[in-house]
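The values are calculated or read from the model by the stated rules, or taken from the named source; none is laboratory data. What you see is a predicted model; the values in this text were computed from it and never measured. FYI the Cβ positions are ideal-geometry reconstructions off the backbone, even for glycines, and counts take in every protein chain you see. Surface accessibility is based on the protein's heavy atoms, side chains included, excluding ligands, DNA and RNA. Shrake-Rupley method; radii C 1.70, N 1.55, O 1.52, S 1.80 Å.
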Amino acid sequence: MNRILIAPLALAVAVLSIPAHATSPEELDIRARQMMKDSFKDHGIAKTYRMLQLDFQQACSQAKPPSADVMKQIEAEQMKTIKWPADGKYFGDWKEGEKIAISGRGLTWTDKAGAENGGGCYNCHQLSHHEISYGTIGPSLLEYGKVRGNSDEIVKYTWGKLWNAKAYNACSNMPRNGDAGILTEDQIRHLMAYLFDPASPVNKR
Amino acid sequence: MRNALKPIAIVAALVMSHGTAVAQSTADDIAKYREMIADGNPSELFEMEGEELWKTPRGPMKATLEKCDLGMGPGVVKGASARMPRFFKDTGRVQDLESRLLTCMQTLQGIDPKLVIDGKFNSGERKTMAALVAYVVTHSKGDKVRVDMTNPQMKELYALGERAFYYRTGPMDFSCATCHGEDGKRIRLQDLPNLTKHEGAAAGWGSWPAYRVSNSQFWTMQHRLNDCFRQQRTAEPIYASDVTIALSVYMAAKANGGEVMTPGLKR
């Protein structure tokens with residue numbers, strides 16, 4: 001008896017709370033995507049095609065992360081993009097690495113085509129004992145090499161993380177430096193040295 | 001007003017130098033600066049210019065903006081920007097302050113909105129716009145953010161604004177939420193308000209438009225959003241385009257009830 005009464009009641013409430021021309025979440029998704037195309041224009045190197053999302057970007061565009069399964073799938077796909085150093089050489093010059101870590105330049109519409117980009121690491125991470133102007137979107141990497149050591153495993157992980165952070169955390173806030181062409185292989189080698197070299201101010205006081 | 005100029009140089013120096021022993025956020029420097037100039041914000045110059053422009057006959061129709069309806073009746077400026085964005089029956093659209101001023105400039109003065117939309121910040125009609133905005137927002141200082149979220153069009157734009165806020169794209173995969181989605185984060189030494197919550201949105205939305213000490217410019221909300229999209233590495237948002245209105249509705253709705261502190265004083 002109860003069941004029969006409740007069903008129509010619930011229906012009536014649902015109908016009342018939706019205004020006449022309410023738009024469904026799916027319709028809003030479509031309109032939002034259209035809006036993200038129509039509201040922008042080319043400016044210098046920043047072209048409107050940048051408004052088109054990659055599949056994983058779309059999956060990571062809600063307040064909540066996608067399901068564990070979807071995350072795993074994305075990570076597996078991103079893992080395939082990682083380019084390992086052909087000559088097995090993981091490390092460059094930490095002094096060059098520091099410059100790249102500090103520079104947040106590149107890829108905006110006020111930057112020039114072909115200019116060398118920075119890594120912007122200090123926008124998000126603490127790294128050295130000396131540089132006090134650092135952001136906190138990512139964890140502190142102070143004494144990274146000193147704390148983590150330099151086993152093959154940690155070296156490979158770190159190279160992979162710098163090349164494509166999404167391979168280890170699908171919706172990471174960290175850019176895909178290698179995969180998205182933000183940094184070159186050599187620049188990543190310099191950053192590796194900055195993180196691991198005992199003489200680098202990341203590790204040396 | 002003269003006196004204000006010296007402290008600007010001092011705070012610019014404070015803000016620019018990171019050489020001190022202790023990591024200090026930019027907010028601390030700005031707080032020092034606020035004390036120094038105790039009475040008066042350098043944006044007063046822009047407000048005065050804006051008031052003058054409001055009352056000066058301009059454009060092909062040689063009319064003033066004194067009959068401009070910002071939602072509270074023709075010519076009413078007090079409290080108007082605290083209630084914006086809002087839905088306007090005459091245009092059938094939700095408009096933020098700047099898109100509404102474009103409507104007034106067009107209908108009352110005959111000024112082509114393209115002059116602003118296709119213009120450059122800090123020059124020509126966009127500079128005029130910034131002064132007008134400075135004038136209008138000063139008249140909501142101390143008011144509460146009061147945007148009407150019972151209006152169906154506003155609700156729809158909120159839903160679109162929320163989607164825009166989380167929309168990750170471009171070479172760095174950033175969305176607004178990358179930088180403004182958590183409490184207590186910084187980029188270098190700049191504090192990032194969490195715009196997904198009331199407190200952060202009230203602090204962020206409530207203190208723009210603002211005078212920027214680092215470059216002595218007055219920035220409108222359209223200008224603020226434009227520069228955040230630049231940092232996000234997207235293409236350039238078109239001035240007063242739907243995405244800028246939708247994001248403004250999203251932030252204003254989150255800020256609702258918070259204090260209007262415009263014009264703000266920023267790095």
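Assorted remarks:
- Residues satisfying the criterion are absent from the stretch A:110-126 (criterion: more than 28 Å from A:Tyr49 (Cα to Cα), β-branched (Val, Ile, Thr) and surrounded by fewer than 16 Cβ atoms within 10 Å (Cβ to Cβ)).
- Count - residues of the stretch A:1-45 that are more than 18 Å from B:Gln153 (Cβ to Cβ), assigned to a loop (DSSP other than H, G, I, E, B) and modelled with pLDDT under 95: 1
- With respect to the conditions (1) buried (at least 16 other Cβ atoms within 10 Å of the Cβ); (2) within 12 Å of chain B (Cβ to nearest Cβ), A:Leu141 lacks only one, and its number is (2).
- Hey, A:Ala170 touching a Cys at 6+ places or on another chain (Cβ under 7 Å) and small (Gly, Ala, Ser) or not: yes
- When B:Gly124, B:Gly119, B:Gly170 are checked against the criterion of being in the same structural domain as B:Arg93 (by TED's automatic domain parsing), within 30 Å of A:Leu107 (Cα to Cα) and buried (at least 21 other Cβ atoms within 10 Å of the Cβ), a single residue qualifies: B:Gly170.
- So B:Gln190, is it open to solvent by less than 20 Å² (accessible area, probe 1.4 Å) and over 21 Å from B:Asp96 (Cα atoms): no
- Residues that are free of Cβ contacts under 8 Å to residues at least 40 places away in the same chain and touching a strand residue (DSSP E or B) at 6+ places or on another chain (Cβ under 7 Å) within the stretch A:22-51 comprise A:Ser39, A:Phe40, A:Lys41, A:Thr48, A:Arg50, A:Met51, listed in sequence order.
- The set of residues in the stretch B:230-247 being within 8 Å of chain A (Cβ to nearest Cβ) and either in contact with a strand residue (DSSP E or B) (Cβ under 6 Å, 6 or more places away or on another chain) or open to solvent by less than 20 Å² (accessible area, probe 1.4 Å) (or both) consists of B:Thr234, B:Ala235, B:Glu236, B:Pro237, B:Ile238, B:Ser241, B:Val243, B:Thr244, B:Ala246.
- Number of the exception - B:Gly119 against (1) under 22 Å from B:Ile238 (Cβ atoms); (2) part of a helix (DSSP H, G or I): (2)
- Checked against the criterion of being touching an Asp or Glu at 6+ places or on another chain (Cβ under 6 Å) and crowded, with 20+ Cβ neighbours inside 10 Å, the candidates B:Ala202, B:Ala134, B:Ala164 yield just one match: B:Ala134.
- Complete set of residues in the stretch A:144-171 that are open to solvent by 30 Å² or more (accessible area, probe 1.4 Å), among the hydroxyl-bearing types (Ser, Thr, Tyr) and not in a loop (DSSP other than H, G, I, E, B): A:Tyr157
- Residue match in the stretch A:172-188 (condition: in contact with an Asp or Glu (Cβ under 7 Å, 6 or more places away or on another chain) and surrounded by fewer than 21 Cβ atoms within 10 Å (Cβ to Cβ)): no
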